[in-house]
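Below is one structure; the comments refer to it alone.
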Amino acid sequence: GEVVCEPPNNKLDKFGGTLYWKEHKYPLSNQNMLLRGCVLRNTEWCFGLVIFAGGRGAAAAARGAGPPLTRVPRPGPDTKLMQNSGRTKFKRTSIDRLMNTLVLWIFGFLVCMGVILAIGNAIWEHEVGARFQVYLPWPEGVHSAFFSGFLSFWSYIIILNTVVPISLYVSVEILRLGHSYFINWDKKMYCAARRAAAEARTTTLSEELGQVEYVFSDKTGTLTQNVMVFSKCSVNGRSYGERPRGSRGRGAAGPAQPASCSAGDAQDVLGHKGELGQRPEPVDFSSNPLADPGFQFWDAGLLEAVRRGQPLVHDFFRLLALCHTVMPEEKSPGGRGDGTGTAGTAGTAGMARGWHGDSGENMGTVGTAWGWRGRHRDGGDGEDSVGTVGTLLGATAIEDKLQQGVPETIAVLTLANIKIWVLTGDKQETAVNIGYSCKMLTDDMTEVFVVSGRTVLEVREELRQAREKMMAASRSVGNGFCQEKVPSSKLPSVLEAVAGEYALVINGHSLAHALEADMEVEFLETACACKAVICCRVTPLQKAQVVELVKKYKKAVTLAIGDGANDVSMIKTAHIGVGISGQEGIQAVLASDYSFSQFKFLQRLLLVHGRWSYLRMCKFLCYFFYKNFAFTMVHFWFGFFCGFSAQTVYDQYFITLYNIVYTSLPVLAMGIFDQDVPEQRSMEYPKLYEPGQLNLLFNKREFFICIAQGIYTSVLMFFIPYGVFTDATRDDGAQLADYQSFAVTVATSLVIVVSVQIGLDTGFWTAINHFFIWGSLAAYFAILFAMHSDGLFHMFPNQFCFVGSAPAALAQPAVWLTIGLTTVVCVAPVVALRFLKLHLRPQLSD
Amino acid sequence: MKTKTDQDAQARPSRCPDNSAFKQQKLPAWKPQLSIATVLSSFFVIGAACLAAGICLILSTNSVREIEINYSDKCSNCSKLRENSSNWNQECNCSAGFVLKEDMLGDVFMYYGLQNFYQNHRRYMISKSNAQLLGRDVNIQNSYCAPFTTYQNGTPMAPCGAIANSIFNDTIDLFYNVNSSVIQVPLLKTGNSWWTDKNVKFRNPVGHNLSSAFAGTARPPYWQKPVYMLDEEDERNNGYINDDLIIWMRVAAFSTFRNLYRRVSRTRRFADGLPAGNYTFRISYNFPVSKFKGKKYVILSTVVWSGGSNPFLGIAYTVCGTAATLMGFVITAIHLKLRKKKTYFQK
């Protein structure tokens, strides 16, 4: 035989090929396909052929004759599922990218400074230095001012290189590591039932958590517990399982659950069914030793029916106990099995709607997913369908409860201006129901658009209609007389400001068209104008494509959260991937950047950890650039007074230690521990999250402000001592303005000014901050006096030539007055500006 | 079943994070706020303090008496002579007179000032050997003294380097003209340098006497006498520990600077300082400056607690204090206005 088929691709719902077998041609379609990992049950024999077996290329035949269960062998990378799972990319945060750009700019700035000073040097050597050669001849090999300028350029590149914050990268990583540990250590994100703490699996993304704008969530296992609980059944047209009113309530998310976390043990659906028969009165299991104590059922009617020995009821439970899965041949539209339940026949589907309506009215607070099992009198024969041969015995309802706190979390995240899209493999009704129960969709919404067209034209038309409706509404809400046509290029802006609340539900097959290149923008604009977006029946790849689409056009930070293997591609694609360690294995967790066991922890991860992380990182970066500029630019100004000779202002040891010892720890402590508002506040006021989304705290503008402040500081740092020292003398008559005293004065005032500045920036002075800030100052003076001590000088006279300078300089009142003046002049305007900003344009966090 | 899981839980170490303040980010902390009270009070306090300091500084620097004479202009003939380095061995004397209208009371210091002399040039600054100046027998080839390291015949220069070579070598004497008689003002040439420089940083090499200690070395090219003859009268001011050398070796931060040259010895007529009257500087003009468009000054000055007569610090403090106080008022005004607006809106 021979199979001719399409090349490996990632389309899960399509397959085309032909099987040539004994001179016959058999068409192969998607109906003949089993995807990787599929389980085939209840068949006596089958012949299988492995295609797309990956690297081996050749198709290996898998013959599974006879056994009731055939697993498709472990495949290679060419299988449809593997192709559908997306590629792993190295994730970097937007701040990282911005930082790289800024560092490149700083490099450019450094070269500019070098060029300016080199030109200065050439001119100086030509005009002044040439005449000064009596006292200071040019060094060997230098015969022209031009060449001297060239050499001076390189000298200045070396001296001024401290303006490029090399230690920034290391420090930033340390910060992120600290932030990740805080996530790992967070007791409030620990799930006692699963014994799982939140885990930051990557340490490079923490500040991006504070900038998330779009959350893409899986449904099953993420919003819901993925714990199937028998909830209702209908036998012979009678429905059992209505809960008594009293046991329902707002907190009905499950009395059976442990306090903080979802029900611990995976409950076997089938097991329940078996035991149910012997179960007495609500919550009273005493008469049955086999009963699962964790199970609750409220309707005694079913039990009575069993006791009375109604034959239909007994048949029903026998079938439940005996046959595990029924595969109805005739499927209701769009209702293929997807794991949580098997869609029943037309008759059961009708009943399901009845219950759905019921759940919408009465059990709204209880998240429910309904799975249906059509049961047939002769259940072993799966080929009979209800309409023709089988008789409908009854139906069971399986409930997958919402996880605790999901509606609240979604409400808070929505308030924080985070848009939540649900991407689920479930069918539309289920997804919409979940949308209602977790408050994504509400009855107050103006309209819920459902896009389920099967062709390109239909989808386009449906999207267009949705947009027109929204625009019409916003126009009528906005100003009545605005009747002129809005040009199509203005569509997005109009849609951004759409009035009213809309929701969009789109089906997988429509999404496939909507994601095509010519329609994706339309789709995105429509979707973004809606308050809630639900995509159902999407494949893993489509999930990733949706995320990619938002990433591409919205320039927003996206977060994908999911628990199953089908979420892996989306988790990998999004800026941040969050894995829920739930019932479906650890594939999602392994691919994720952060993992925890409850959806509601997302709120804390973003609003508390993310927000703080972003805030700390931004403050840290601002200060870091500031302190390097303040430090380095002094050399630049000094260049104009020392013949552009690349003379440094400070002692060489100060230059070495400034970034490592004197100023590193306080800013690290701020970057790790700072808090602007307590965590309760950031949960109470989700609006506090917005600066991160708008990227307000660190952007190019903020960067230039920091740089300007650094340059301002450096100007004062140089020119105030310059003014004081010219023609000044010490109080004992000796010269004050010697180079070493000047170096000590400038260095001391610099250390004090940047320490005061970090003190101003630090909003949260823990003991550690105190220790580092005061410790750095103390270390500065200790090291200063040690470096300028007699002992070191006698050991290395050429290395420690500053001997005695610190004591001599710091004994002068004029030096301290200079340091004081510099500090006041550098810091006071900053305080004034900050205060005025705080007063005139207060942010929410203030 | 349940008890079993409990036992399991006890047996396995809990993965629950510690409930410590550090790990839960609940460390006790001081949260400073920029409140109106603290900001205003700090601005007014800083303003007042700066104003007070500024006024004190201005008053005290005003009490400093200072005479500054540009003698490279006054002795233009000597300046011209020195422009040609072949005349190095011709003496050139020059005098500059001035009238002191008021007494200069207290310690009076005499400085020489140089303008446009780039002591802070990098290559100039490194051109010395600290080890050599510490009296150690070191190979100065390893230092940055070039080209003032050795002569052609290999004799090392003592001290080596551009700084030492270019030492200021004018001699300045001060004469008091009273009743047609001329009295030389007694000047102290020692005790003018930093204690650490004199006692730690500079030492003469060990030898039988100073000239033998410096045997095998030669004076720098621009010097007229070797280092062991800088002060033949006072052994404690000779060789490397000569105060003039030490002061010159402490290079200035800027191209315009003044170095302490002599102090007026407060004896007999000058016990209270310099009385008012006519004075004359007699200068032996050796140091050429006109070649690099430099200028030379001789300065007489008294000092106060804040140093010499530089008014910069006082003015800067006054301006800063005024600005801080004004800022305080501006902030008050803005605050009051905003509060009014807020209450207006609330109504």
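The values are calculated or read from the model by the stated rules, or taken from the named source; none is laboratory data. Since the model is a prediction, treat every value here as computed from it, not as a measurement. All Cβ positions, even for glycine, are placed from backbone atoms using ideal geometry, and neighbour counts span all protein chains on display. Note: accessible area is taken over every heavy atom of the protein model, side chains too, but ligands, DNA and RNA are not part of it. Shrake-Rupley method; radii C 1.70, N 1.55, O 1.52, S 1.80 Å.
Listed values, structure above:
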| read-out | value |
| --- | --- |
| Residues that are within 15 Å of residue A:843 (Cβ to Cβ), open to solvent by 40 Å² or more (accessible area, probe 1.4 Å) and either touching a Pro at 6+ places or on another chain (Cβ under 8 Å) or outside any helix (DSSP H, G or I) (or both), drawn from the range A:677-688 | A:685 |
| Condition met for residue B:297 (more than 7 Å from every other protein chain (Cβ to nearest Cβ) and hydroxyl-bearing (Ser, Thr, Tyr)) | yes |
| Top-ranked residue of the range B:126-157 - restricted to ones that are in a strand (DSSP E or B) and crowded, with 18+ Cβ neighbours inside 10 Å, ranked as nearest to the other protein chains (Cβ to nearest Cβ) | B:157 |
| Tally, over the range A:694-724, of residues that are open to solvent by less than 20 Å² (accessible area, probe 1.4 Å) and part of a loop (DSSP other than H, G, I, E, B) | 1 |
| Residue selected from the range B:191-218 under the condition open to solvent by 50 Å² or more (accessible area, probe 1.4 Å) and in contact with a helix residue (DSSP H, G or I) (Cβ under 7 Å, 6 or more places away or on another chain), by the criterion nearest to the other protein chains (Cβ to nearest Cβ) | B:203 |
| Qualifying positions in the range B:255-285 - within 13 Å of chain A (Cβ to nearest Cβ) and either among the β-branched types (Val, Ile, Thr) or in contact with a helix residue (DSSP H, G or I) (Cβ under 7 Å, 6 or more places away or on another chain) (or both) | B:256, B:259, B:260, B:264 |
| Among the residues listed as B:123, B:82, the single one being assigned to a helix (DSSP H, G or I) and facing chain A (nearest Cβ under 9 Å) | B:123 |
| Failed item in (1) facing chain A (nearest Cβ under 10 Å); (2) touching a residue at least 40 places away in the same chain (Cβ under 8 Å); (3) touching a Gly at 6+ places or on another chain (Cβ under 7 Å), with residue B:320 passing the rest | (3) |
| Single residue of A:600, A:572 found to be charged (D, E, K, R), under 19 Å from the mean Cα position of the chain (by Cα), surrounded by fewer than 24 Cβ atoms within 10 Å (Cβ to Cβ) and more than 18 Å from residue A:89 (Cβ to Cβ) | A:600 |
| Selection status of residue B:242, polar (S, T, N, Q), more than 10 Å from chain A (Cβ to nearest Cβ) and without any contact (Cβ under 8 Å) to a residue 24 or more places away in the chain | yes |
| Count of residues meeting criterion [more than 12 Å from residue A:613 (Cβ to Cβ) and open to solvent by less than 10 Å² (accessible area, probe 1.4 Å)] in the range A:184-217 | 8 |
| Helices (runs of 4 or more DSSP H) wholly inside the range A:555-648 containing at least 3 residues that are of a type in the set (Gly, Ala, Ser) | A:611-639 |
| Matching residues in the range A:647-676 - criterion: being of a type in the set (Val, Ile, Thr) and open to solvent by less than 20 Å² (accessible area, probe 1.4 Å) | A:649, A:663, A:667 |
| Which listed residue is out of contact with any helix residue (DSSP H, G or I) (no Cβ under 7 Å at 6 or more places or on another chain), modelled with pLDDT of 90 or more and open to solvent by 40 Å² or more (accessible area, probe 1.4 Å), from A:166, A:158, A:174 | A:158 |
| So residue A:691, is it open to solvent by 10 Å² or more (accessible area, probe 1.4 Å), within 14 Å of chain B (Cβ to nearest Cβ) and not hydrophobic (A, V, I, L, M, F, W, C) | no |
| Leading residue by the ranking (nearest to the other protein chains (Cβ to nearest Cβ)) among those in the range A:135-184 that are among the aliphatic types (A, V, I, L, M) and not in a helix (DSSP H, G or I) | A:136 |
| Out of A:797, A:829, A:842, sole residue that is within 30 Å of residue A:677 (Cβ to Cβ) and not in a helix (DSSP H, G or I) | A:842 |
| Total residues in the range A:725-761, condition assigned to a helix (DSSP H, G or I) and either surrounded by fewer than 24 Cβ atoms within 10 Å (Cβ to Cβ) or at pLDDT 90 or above (or both) | 23 |
| Those residues of the range B:329-343 which are surrounded by 13 or more Cβ atoms within 10 Å (Cβ to Cβ) and either within 9 Å of chain A (Cβ to nearest Cβ) or without any contact (Cβ under 8 Å) to a residue 24 or more places away in the chain (or both), in sequence order | B:329, B:330, B:331, B:334, B:335, B:338 |
| From B:45, B:64, residue being more than 8 Å from every other protein chain (Cβ to nearest Cβ) and open to solvent by 70 Å² or more (accessible area, probe 1.4 Å) | B:45 |
| Count of the range A:428-468 residues which are assigned to a helix (DSSP H, G or I) and free of Cβ contacts under 8 Å to residues at least 24 places away in the same chain | 4 |
| Residue match in the range A:694-704 (condition: in contact with a helix residue (DSSP H, G or I) (Cβ under 8 Å, 6 or more places away or on another chain) and within 14 Å of chain B (Cβ to nearest Cβ)) | no |
| In the range B:108-120, residue least open to solvent (accessible area, probe 1.4 Å) [restricted to those that are assigned to a loop (DSSP other than H, G, I, E, B) and facing chain A (nearest Cβ under 7 Å)] | B:120 |
| Candidate set: the range A:500-519, residues that are of a type outside the set (D, E, K, R) and more than 23 Å from residue A:11 (Cβ to Cβ); chosen: the one most open to solvent (accessible area, probe 1.4 Å) | A:500 |
| Residue match in the range A:520-537 (condition: within 20 Å of the chain's Cα centre (by Cα), in the same structural domain as residue A:443 (by the TED database) and more than 24 Å from residue A:500 (Cα to Cα)) | no |
| Test for residue B:102: is it acidic (Asp, Glu), open to solvent by 40 Å² or more (accessible area, probe 1.4 Å) and within 14 Å of another protein chain (Cβ to nearest Cβ) | no |
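Yes/no per residue for (1) open to solvent by 50 Å² or more (accessible area, probe 1.4 Å); (2) touching a strand residue (DSSP E or B) at 6+ places or on another chain (Cβ under 8 Å); (3) within 10 Å of chain B (Cβ to nearest Cβ); (4) in contact (Cβ under 8 Å) with a residue 12 or more places away in the chain:
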site	(1), (2), (3), (4)
A:779	no, no, no, yes
A:782	yes, no, no, no
A:793	no, no, yes, no
A:796	yes, no, yes, no
A:800	no, no, yes, yes
A:812	no, yes, yes, yes
A:818	no, no, yes, yes
A:834	yes, no, yes, yes
